[in-house]
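S.K.: Right, I'll just put the structure down here and ask away after.
What follows draws every value from the coordinates through simple rules; no lab data is involved. Just so it is clear, the structure is predicted and the values come from calculations on it, not from any experiment. Cβ: placed from backbone, ideal geometry, glycine included. Neighbour counts: every protein chain shown.
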4 protein chains.
Amino acid sequence: MKPNLLSEEKVIITAAITGGAHGKWSNPNLPITPEEQAKDALECYEAGATVCHIHVRGEDGLSTADLNVYNKTVRLIKEKCPIITQIGNGIGARIEYGIKVSKSGKRYGQALKMATLEERINLLNIDPQPDMFTINAGTFEFRTNMRGMETSSIFNNPIDFNKNYVNGCKKIGAGIEIEVYDTSHMANIMELVDMGVFQPNEKLHFSIVLGIKGGAPATVRNLLNMVELLPEGSTWQVVTIGKYCLRTTMIAMCMGGNIRTGLEDTVYYRKGELVKSNAQLVERMARVAKEIGREPATLDETREKLRLK
Amino acid sequence: MKPNLLSEEKVIITAAITGGAHGKWSNPNLPITPEEQAKDALECYEAGATVCHIHVRGEDGLSTADLNVYNKTVRLIKEKCPIITQIGNGIGARIEYGIKVSKSGKRYGQALKMATLEERINLLNIDPQPDMFTINAGTFEFRTNMRGMETSSIFNNPIDFNKNYVNGCKKIGAGIEIEVYDTSHMANIMELVDMGVFQPNEKLHFSIVLGIKGGAPATVRNLLNMVELLPEGSTWQVVTIGKYCLRTTMIAMCMGGNIRTGLEDTVYYRKGELVKSNAQLVERMARVAKEIGREPATLDETREKLRLK
Amino acid sequence: MKPNLLSEEKVIITAAITGGAHGKWSNPNLPITPEEQAKDALECYEAGATVCHIHVRGEDGLSTADLNVYNKTVRLIKEKCPIITQIGNGIGARIEYGIKVSKSGKRYGQALKMATLEERINLLNIDPQPDMFTINAGTFEFRTNMRGMETSSIFNNPIDFNKNYVNGCKKIGAGIEIEVYDTSHMANIMELVDMGVFQPNEKLHFSIVLGIKGGAPATVRNLLNMVELLPEGSTWQVVTIGKYCLRTTMIAMCMGGNIRTGLEDTVYYRKGELVKSNAQLVERMARVAKEIGREPATLDETREKLRLK
Amino acid sequence: MKPNLLSEEKVIITAAITGGAHGKWSNPNLPITPEEQAKDALECYEAGATVCHIHVRGEDGLSTADLNVYNKTVRLIKEKCPIITQIGNGIGARIEYGIKVSKSGKRYGQALKMATLEERINLLNIDPQPDMFTINAGTFEFRTNMRGMETSSIFNNPIDFNKNYVNGCKKIGAGIEIEVYDTSHMANIMELVDMGVFQPNEKLHFSIVLGIKGGAPATVRNLLNMVELLPEGSTWQVVTIGKYCLRTTMIAMCMGGNIRTGLEDTVYYRKGELVKSNAQLVERMARVAKEIGREPATLDETREKLRLK
């Protein structure tokens, strides 16, 4: 798909309000509890976002696969506003402590732990049912810095798992967001099309994820290459982390892509200045989108663009 | 040169206030007379522009090579404000009428006429001396629609002419802006470097011009390819025409490039809404630049970045 | 159009036997007279070439627009073998001597002179009618070194001229080869499609010309970019000059393109070793094509691929 | 690093004689036993190859991590000829049968099994010591068809493992070949450079692997992008599988890369015709390399180019 420099389509704003890695230690304004998340979702909705990308946290503030927390979060958000709920199926990473045992029997050491495939597919049972789920289009070594510790883990996304996930989503009528982290991931998706998991002319929704350690770096060439690999008629956005976030999102928006922002992606509003709230980030993107002639899509327009029922 | 998504350099805003083709028939707010141009230059300067790109017009409102008009315009601008004056050496196109003769001796027909090489090099004699001159890095068929007529002309920019122009600029201590319209033009400039006209490590200032009929189309791939062909350490901006203008300029700004805007490039502020003044365009770009953390460069900063004396 | 690394299509070999610039001073085996050209055409045909790209020379060995020479050459070739005749419509460059006059009235100086548009369109009247004509898709400064002199000339190819040329070819039922020297030239051709000069689904035949001074340099990125700009279903080959010739041709062949070779493109067989005959170059390319599983196309296959009557 | 279309450097031919997946069921001429491998290594050496890329097989013909087999193979090869021995550190995949248990206790089912990290690092203890080891620059889902079964496995290559591997190689004075399967893998290597595992100016030797399911597809754009990401001064080759193999290798060779061929990469010499021996593939590549003016590197030249002691 070629970038469209003349697109005047309404732009979908997705707010990724929490994320699956950093915590309040990175920015105290990160919403952690279901109540905080519902509040932020509402504020983002009022600021122009129509999709809320969700990871939840346990009482220790770290990522959790606990369905009770997911249920409560989705329920509270839906009570507040009709924003589209989108569950990141990677769930997130958590640091486990005491993973090694010394000769004297003392536990020490720490490691990054990712959710299991079972925990992840279990998200399809969240009640009330979310509107959308994310799939991650390939396996790679996910490396990140958590609380000063360089961590590494296999982010396991085998094609069979994704096949099952897509089929599960289709069965319950949920929409799908496809996250691709490199060229090979795009090929994996084309293989799902060849397998008939996606229909040949089915319009898909992509996030081009750049700048994660272990994935493709955040460069303009990588962004453009990935856009050009998208199947015709796709909707898409770019996801980058930290300092790259604002620039790549603006470039994507100018190329006809949609917007994703939020504290999952960046905890700084600008250099040295912490984000005050997810809504603050949504407001900036809505402001800039309007400057270039792209109004934020309404909820109905978003549902239509994303082919949600 | 790789695009720099993290650039926090101050951004130079160049206002191309008039251009060498369209007239008040396209937008009545286009400054035509030296007085109007000086007024717009001042307003742009106050809005954050530090470079004013200049073409002048005769009493008929069409492009002219008349040095008296250039002299007056540059003088009036310099009297108003210290904005850097930059003369487009193509001068501009004019429609000549009555270029054919019927059997009965009646003149009819029309054609696009470009300034001659002699008229163009004569611009080096403008008094007071402008700060910068533009060179155009290659020959091509320049096609444009003027007042509903599809016109075509050879835009003649032989390498020897450019060599002389650069030498002329260096002799009088003027800065140079290099306009490149396609891949081959970049190679022409590298040949000038090989010839010693530019020094091997001399930092150059480029405009990547896209979307002119006869030049490379305005696509993201063309933009990126051209940026990657720039010699290391170059300063640059993108120049596109009409509807592409805002988007490509924003992308360039996000990639570490500078800004050019103005009524030469676009007569519409947004779809269906004519630009009110050059300053209105400068204000929008300054606003957006600040949103992404790039403050407009001051005059002194611009002079240093462009290596002007 | 994407390169096709798996193409098993038969490959068309075009022999560009003479060219429009260098002479026997570069390589004594360059065929200059109609008789020499007919001999080389036959040898190339026997070696596997099915298209002969033709420029002719006057008695002084330099390029000429003289239709008598063209007529004789085409006639002699057709008498020898049924190879497809393709006339390069640029005709070629010649050095004119004595173009300046000293104060004492003595003529001196030299310049490159290109054929006029009138001379070029006159080629449509060659008798017997050639099978194909070349159009050059854009205007640029053509620079070359002739007999130690750096020369420069405008290679003038306005869109209106090309429109007329294509219409002329279609009228007489001749095929067309489109030479593109840069990104902008591809856009010019798309404009001819928009104008209806070419039909929207008409399959076109392209030469991607790289490495001419004034055109795009011979790089893999330029080659790939140009291939990707070709309209779907095009046939194509690459034309490069001198030392780049063999490598880019092999890359093109591996990507599903066709082959052009001949003394027009390279006078050396390998470093320091002059080409013995056009057929020697055709033989090497046929040999390598077979190694990668692409047999040379027969005459009938070529006519079908190039949509010749 | 830019492709070099004018490279006249001697070309290194690596013969990947066996591979870690398919067996004699794919091609009976695949060398499986140490004796067969030594015979093929010698034949390849005599045909112009100077590097032998090695995977070994157990008595069942499947990949094995058994050091005794590695020791014997390396020893037998070294007895036959001085070809450089290069051990693929992935070892290879094997199908395990009977991996599930039915309710009645009967074993059934099958899965792809990759060697463990422990088995892989243990290769550093092969005696006699091989000249080079391969590292694989990133983790991904390796999918392949083995004996009609679509298989999938995590090919686990964490950055810490690679760091240890490189340090291990350096400690024993062995050379390193770096296999990159996508953009992100190149970034992983740059991270090893940043960590000081490779020196900032250390010249590295890369294989750009394309066309593996789970990795980047075999396209010209992917190949070019990867070449341009190589650090300046690298040596490199391309590795593709099956039908893409010959074309991408020829393109790489034209771009200044080196050659890898062998039954690991392709079991067909051309469509429908099984390879007779590894040497047959080496001979073809040597033949084509000579056609474009690149002589096969001698053993001494190879050792120097690959910076082996």
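S.K.: Once you average over the residues of D:263-271, how many Cβ atoms of partner chains fall within 10 Å of each Cβ? Walk me through the numbers on the way to the answer.
M.R.: Details: counts 0, 0, 0, 0, 0, 0, 1, 5, 2.
Other-chain Cβ atoms within 10 Å of each residue's Cβ, averaged: 1.
S.K.: Calculate one ³J(HN,Hα) per residue across segment A:11-17 by plugging θ = phi - 60° into the Karplus curve 6.51 cos²θ - 1.76 cosθ + 1.60, and present them in order as whole Hz with x for glycine and proline.
M.R.: Listing the rounded values in order: 9, 7, 9, 9, 9, 9, 7 Hz.
S.K.: Would you look at the GNM of chain C, springs on alpha carbons closer than 10 Å, and say which of C:64, C:14, C:151 moves the most?
M.R.: It is C:151.
S.K.: Here is a further query. Taking the simple approach of a point 7 Å from Cα along Cα-to-Cβ for both residue D:154 and residue B:119, what is their distance in nm?
M.R.: 7.2 nm
S.K.: Based solely on C-alpha atoms, express the radius of gyration and the Dmax of segment C:1-148 in angstrom.
M.R.: 17.6, 67
S.K.: Going 7 Å from the Cα of residue B:25 toward and past its Cβ, which residues in segment B:45-76 have a backbone nitrogen under 15 Å from where you end up?
M.R.: B:60-63
S.K.: Would you list, by chain and number, the lysines whose Cα falls below 20 Å from the Cα of residue D:203, excluding same-chain residues fewer than 8 positions away?
M.R.: Residue D:203 reaches D:2, D:10, D:163, D:170, D:171, D:305, D:309.
S.K.: Among B:273, B:177, A:35, D:36, rank each residue by its count of other Cβ atoms within 10 Å, from fewest to most, as a rough exposure measure.
M.R.: The most exposed by this proxy come first: B:273, A:35, D:36, B:177.
S.K.: For a quick protection proxy, order the peptides D:157-168, D:92-103, B:162-173 by their average other-Cβ count within 10 Å, most packed first.
M.R.: D:157-168, B:162-173, D:92-103
S.K.: Hey, what's the Kirkwood Rh for segment B:13-305 if you take every pair of different alpha carbons, in angstrom?
M.R.: Here the Kirkwood hydrodynamic radius works out to 19.3 Å.
S.K.: Shifting gears a bit: Could you bin all the Cα-Cα distances of the protein assembly as shown into 20 Å bins starting at 0 and give me the percent of pairs in each, rounded to whole numbers?
M.R.: 10, 35, 37, 16, 2, 0
S.K.: Roughly what angle does helix A:34-47 make with the longest principal axis of chain A, taking Cα atoms, 0 to 90 degrees, to the nearest 10?
M.R.: Taking the Cα atoms of chain A, the angle to A:34-47 is about 20 degrees.
S.K.: To continue, here is another question. What average number of partner chain Cβ atoms lie no more than 10 Å from the Cβ of the residues making up B:220-232?
M.R.: Across B:220-232, the average partner-chain Cβ count within 10 Å equals 4.
S.K.: Mean 1/r over all different Cα pairs, inverted: what Kirkwood radius does segment D:102-256 give, in Å?
M.R.: 17.1 Å
S.K.: Let me ask something else about it. Output needed: percent of Cα pairs per 5 Å distance bin for segment D:1-56, bins running from 0 to the one holding the longest distance.
M.R.: Using 5 Å bins, I get a P(r) of 4, 18, 23, 19, 13, 8, 8, 7, 1 for segment D:1-56.
S.K.: Please report the antiparallel percentage of the DSSP beta bridges confined to chain C, to the nearest 5.
M.R.: Of the beta bridges lying entirely in chain C, close to 40 percent run antiparallel.
S.K.: Let me ask something else. If you find the alpha carbon centre of segment D:223-253 and of segment B:160-204, how far apart are they in angstrom?
M.R.: 35 Å
S.K.: Between helix C:278-291 and chain C, what is the angle of the helix's C-alpha long axis to the longest principal axis, kept within 0 to 90° and rounded to the nearest 10?
M.R.: It is inclined by approximately 20 degrees.
S.K.: Here's something else I'd like to know. List the pair-distance distribution P(r) of segment D:198-280, using every Cα-Cα distance, as the percent of pairs falling in each 10 Å bin from 0 up to the bin containing the longest distance, rounded to whole percents.
M.R.: All Cα pairs, binned at 10 Å, distribute as 18, 47, 27, 7, 1 percent.
S.K.: What percentage of all Cα-Cα pairs in segment C:87-187 are separated by more than 19 Å?
M.R.: 51 percent
S.K.: Let me ask something additional. Which FRET efficiency value, to the nearest 0.05, do you get for residue C:271 and residue D:268 by plugging their Cβ-Cβ distance into 1/(1 + (r/R0)^6) with R0 = 51 Å?
M.R.: On the way: r = 34 Å, r/R0 = 0.67.
Rounded to the nearest 0.05, the efficiency is 0.90.
S.K.: Next up: Quick one: of the DSSP bridges fully inside the protein assembly as shown, what percent are antiparallel, nearest 5?
M.R.: Of all bridge pairs located within the protein assembly as shown, approximately 40 percent are antiparallel.
S.K.: To the nearest 0.05, how large is the calculated FRET efficiency for residue D:194 and residue A:287 if R₀ is 51 Å and r is the Cβ-Cβ distance?
M.R.: Details: r = 37 Å, r/R0 = 0.72.
Between residue D:194 and residue A:287 the formula returns 0.90.
S.K.: Also: Relative contact order of chain C, please, whole-number percent, based on alpha carbon pairs below 8 angstrom and at least 6 residues apart.
M.R.: 24 percent
S.K.: Report the antiparallel proportion of the DSSP beta bridges in segment D:116-254 as a percent, rounded to a multiple of 5.
M.R.: Once the DSSP bridges in segment D:116-254 are tallied, antiparallel ones form about 35 percent.
S.K.: Mind checking A:213-219 for the average number of partner chain beta-carbons within 10 Å of each residue's beta-carbon?
M.R.: Values: counts 5, 9, 6, 6, 6, 2, 7.
Other-chain Cβ atoms within 10 Å of each residue's Cβ, averaged: 6.
S.K.: If you fit an axis through the alpha-carbon atoms of helix A:220-229 and take the longest principal axis of the Cα set of chain A, what angle between them do you get, 0 to 90°, nearest 10?
M.R.: 70 degrees
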